[in-house]
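Before we start, here is the structure in question, set down as structure tokens.
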Amino acid sequence: MTTEIPEAVALGIELEGILMPIARKQRDDFYEHKGGRFVHYTPAEAALKIINSKRIWMRNAMCMSDYREINHGYELFRGFFGDKNNADRFIAALDACAPNIAHEAIGLFNQWWRNIQSDTYIASISEHDDEEDLHGRLSMWRAYGGNSARVAIVFRVPWYTGAAQELNITLNPVAYLDPAELNSELNTVIRNVGENIDFLKTIDRNVLRDYVFAMFMVGVTCLKHEGFKEEREWRVLYSPKFNPSHLIKPSLETIGGVPQTVHELPLDKTVSTASAALADLDFAKVFDRLIIGPSPYPYAQYEAFVSALQRAGVENAGQRVYISGIPIRT
């Protein structure tokens, strides 16, 4: 990692390694071994809207396909901290770094819990492997889009971009843990804090409190049932009440017959002429390839998507659209 990053971001990376070690390991492993390529499986109609608008919809967590979403993570955390011995050890470890810091972070989380439930917006993407370049992933074709035409848009996302700070979003790997695995992870956090007391004592208490709060928030929003593990999901998180961005606009849409508010994540460097950082996430820059899923009309889609990609500024668009050869019925 040779990219020069701001001091505050470097501190955040170090704190993530202490307070969210499984996320840090997933992030490092993915970018080291897979090059930071993600994929978004979606109906072809939605994919065309993404390309034409250079926007991805972030949907409310309450409207996601796994209807339990955030509550699942919350229940796992509550199971750990419902054990008084676990709670006491966690509080004692952090309070050795800054008095009462654990209670402040827990209080902040409790204060915002209802808003986290109702006002967290998510864009879901999945890790993409080299061997999936031509045909995509069969389980994902089956899971997304129903009987409609489906495509997979592959993005190459930098491991660090200042655009995340401009947009007030975070990109986090999902962890698929059962209660015992989460308990083990939180015990690792307690041990990490104990081993890094001297360092943590040097951190401004408000910064430390906010990162402990972030541990809880990311934990409840990015924990899923182990049955979803094959999805290898990452989540873009946005909280318009807690940390709004004037660059992300809400809109009212009807999805699957359900009217709802979505927030539009811009992959468009022109949304702010004041920030060169947004160029990092411009659609034409991050786009890697598009895979047309099993369909009776792949060649009509090919022509349409090549044309749309050309208009979006994608170079060599005709060589970057592929037709999946997986022989399944649609």
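The values are calculated or read from the model by the stated rules, or taken from the named source; none is laboratory data. Keep in mind the model is a prediction, meaning the values are calculated, not measured. Cβ coordinates were reconstructed from backbone atoms using ideal geometry, including for glycine residues, and neighbour counts include every protein chain displayed. Each accessible area value is taken on the protein alone, full model and side chains, heavy atoms only, with ligands, DNA and RNA left out. Shrake-Rupley method; radii C 1.70, N 1.55, O 1.52, S 1.80 Å.
Given Cβ point charges of +1 (Lys, Arg) and -1 (Asp, Glu) and nothing else, what value in debye, to the nearest 20, does the dipole of the chain about its Cα centre take?
It works out to roughly 860 debye.
Take the cross-link list K224/K269; K34/K229; K241/K269; K25/K229; K25/K285; K84/K229 and give me the ones stretching past 22 Å between alpha-carbons.
K224/K269; K241/K269; K25/K285; K84/K229
Now for a separate question. Using a 1.4 Å probe on the protein heavy atoms, what percent of the accessible area of the range 207-316 belongs to carbon and sulfur?
That share works out to 55 percent.
Tell me the net charge near Q26. Cut-off is 14 Å between Cβ atoms, Q26 excluded, with +1 for each Lys or Arg and -1 for each Asp or Glu.
Taking every other residue near Q26 into account, the sum is -1.
Follow-up question, since we're still on this one. Give the ranking of M217, M62 by solvent-accessible surface, highest area first, calculated with a 1.4 Å probe.
Sorted by accessible area, descending: M62, M217.
Okay, next question. Using the alpha-carbon atoms, what tilt in degrees (0 to 90, nearest 10) does helix 84-95 show relative to the longest principal axis of the chain?
So the inclination is approximately 90 degrees.
Measure out, as a whole number of angstrom, how far apart the alpha-carbon centroids of the range 225-257 and the range 182-202 sit.
29
On to the next question. Return, for the Cα atoms of the chain, the radius of gyration and Dmax in Å, separated by a comma.
Expressed in Å, the Cα Rg and Dmax of the chain come to 20.7, 64.
Counting Lys and Arg as +1 and Asp and Glu as -1, what is the net charge of the other residues whose Cβ lies under 15 Å from the Cβ of S275?
Computed value for this residue: -2.
Under 12 Å from the Cβ of N52, count the other residues' Cβ atoms, weight Lys and Arg +1, Asp and Glu -1, and hand me the total.
Net of charged neighbours comes to +2.
Can you bin the range 122-191 into rounded, prolate or oblate? Criterion: square roots of the alpha carbon gyration tensor eigenvalues sorted a ≥ b ≥ c, rounded for a/c under 1.5, prolate for a/b above b/c, oblate for the rest.
The shape class here is oblate.
For Cα pairs less than 8 Å apart in space and 6+ apart in sequence, what is the mean separation divided by the residue count of the range 202-287, i.e. the relative contact order in percent?
Once normalised by length, the contact order is 14 percent.
Separate question: Round to a whole number: what % of the accessible area of the range 1-116 belongs to carbon and sulfur, probe 1.4 Å?
Whole-percent figure for carbon plus sulfur exposure: 54.
Looking only at F199, F228, F287, which one moves most when the chain is put into a Gaussian network model with springs between Cα atoms under 10 Å?
Sorting by GNM fluctuation, first place goes to F199.
Nearest 10 degrees, 0 to 90: what angle lies between the long axis of helix 205-221 and the longest principal axis of the chain (Cα atoms)?
50
Hey, another quick one. Between Y302 and D83, how many nm apart are label points set 7 Å from Cα along the C-beta direction?
5.7
A follow-up question, please. With a probe of 1.4 Å, find how much accessible area the chain has per residue, and write the answer as a whole number in Å².
The answer is 48 Å² per residue.
Quick one: Karplus J couplings for the range 297-314, per residue in order, coefficients 6.51, -1.76, 1.60, θ = phi - 60°, nearest Hz, x for Gly and Pro?
10, x, 6, 5, 5, 4, 4, 5, 6, 4, 4, 5, 5, 4, 5, 7, x, 7
Calculate the dipole size of the range 1-131 relative to its Cα centre from +1 charges on Lys and Arg beta carbons and -1 charges on Asp and Glu beta carbons; express the result in debye to the nearest 20.
Using only the charged Cβ atoms, the result is roughly 500 debye.
Still on this structure: I need the shape label for the range 216-312. Rule: rounded when a/c is under 1.5, else prolate if a/b > b/c, else oblate, with a, b, c from the alpha carbon gyration tensor.
oblate
By how many nm would the segment from D29 to S118 grow when fully extended, if each residue of separation counts as 0.36 nm and the alpha-carbon distance is taken off?
That pair, D29 and S118, stretches by 28.9 nm at full extension.
Which order do the peptides 296-309, 315-328 take when ranked by the mean count of other beta-carbon atoms within 10 Å per residue, highest first?
Most protected by this proxy first, the peptides run 296-309, 315-328.
Moving on to the next point. Report the residue, chosen from G73, G36, G82, that carries the largest GNM mean-square fluctuation when the chain is represented by alpha-carbon nodes joined by springs under 10 Å.
Comparing G73, G36, G82 in a Gaussian network model of the chain, the most mobile one is G82.
With a cut-off of 8 Å between alpha carbons and a minimum separation of six or more residues, what is the relative contact order of the chain in percent?
29
Once the Cα atoms of helix 7-19 and of the chain are each reduced to a long axis, what angle between those two axes, in degrees from 0 to 90 to the nearest 10, is obtained?
Helix 7-19 sits roughly 70 degrees off the main axis of the chain.
Okay, next question. Considering every Cα-Cα pair within the range 41-173, what fraction, in whole percent, is farther apart than 23 Å?
Of all Cα-Cα pairs in the range 41-173, 54 percent lie more than 23 Å apart.
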